[in-house]
Amino acid sequence: MSRRVVVSLVAGVVVLGGAGAFAFADAGDQAPVLAHSTARYTAPDGSRDGTLTFRTEVTASSGVKSVRVLAYPASSSLAEKKPTAKEMTAAEPADCKPAGEDTARCTYTVRVTAAESASSPHGPWHVAVLATAVDGSTTLNTQAAGFTVR
């Protein structure tokens, strides 16, 4: 093999190795990932309040800092324009518990009174979620889950 071919080959290995190391390092700073998101609505019954419970798993390589949740009717103006990440920072927080090195299980539960249920739009609803990692990266899913108010 000529010296020129060997030098080119070594240079190629160094470049590819450096690109691979960069890709591996960069993979550590990815935005949070939502998985297994569910919403369950239980209507009030007699003197018993109802509930809305939303659950999700969030994975972020730097750790999970916060999860914000907002339920909204599919027939509302919010459904047409979709909530933004900035708007979602004011939404209510979910309660998150560690579920592994870089994963948290998050739950948001709110009571629903008979009066609130009666005055709420009936039909399909969406749940929007803003997940924020410790490194500041965010993921917004404006339809992470859905439920129906009857």
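Odds and ends about this structure:
- Reachable lysines, given that their alpha-carbon falls under 20 Å from the alpha-carbon of residue 97 and they are not under 8 places away in the same chain: 65
- Taking all protein chains together, 47, 62 sort by accessible area into 47, 62, largest first [probe 1.4 Å].
- For residue 82, the aspartates and glutamates whose Cα falls under 17 Å of its own Cα, not counting residues fewer than eight places away in the same chain, are 92.
- From phi via Karplus (6.51, -1.76, 1.60), per-residue ³J(HN,Hα) for region 113-125 in Hz, x at Gly/Pro: 7, 4, 5, 5, 5, 5, 8, 8, x, 8, x, x, 10
- Looking at region 28-136, the accessible area is 56 square angstrom per residue; that uses a 1.4 Å probe and ignores ligands, DNA and RNA.
- For region 84-100, Karplus couplings with θ = phi - 60° (6.51, -1.76, 1.60), whole Hz, Gly/Pro x: 9, 4, 4, 5, 5, 5, 8, 6, 6, x, 8, 8, 10, 10, x, 9, x
- Solvent-accessible ranking of 96, 106, largest area first, probe 1.4 Å: 96, 106
The values are calculated or read from the model by the stated rules, or taken from the named source; none is laboratory data. Keep in mind that this is a model prediction, so the values were computed, not measured. Surface areas here come from the heavy atoms of the whole protein model, side chains and all, with no ligands, DNA or RNA. Shrake-Rupley method; radii C 1.70, N 1.55, O 1.52, S 1.80 Å.
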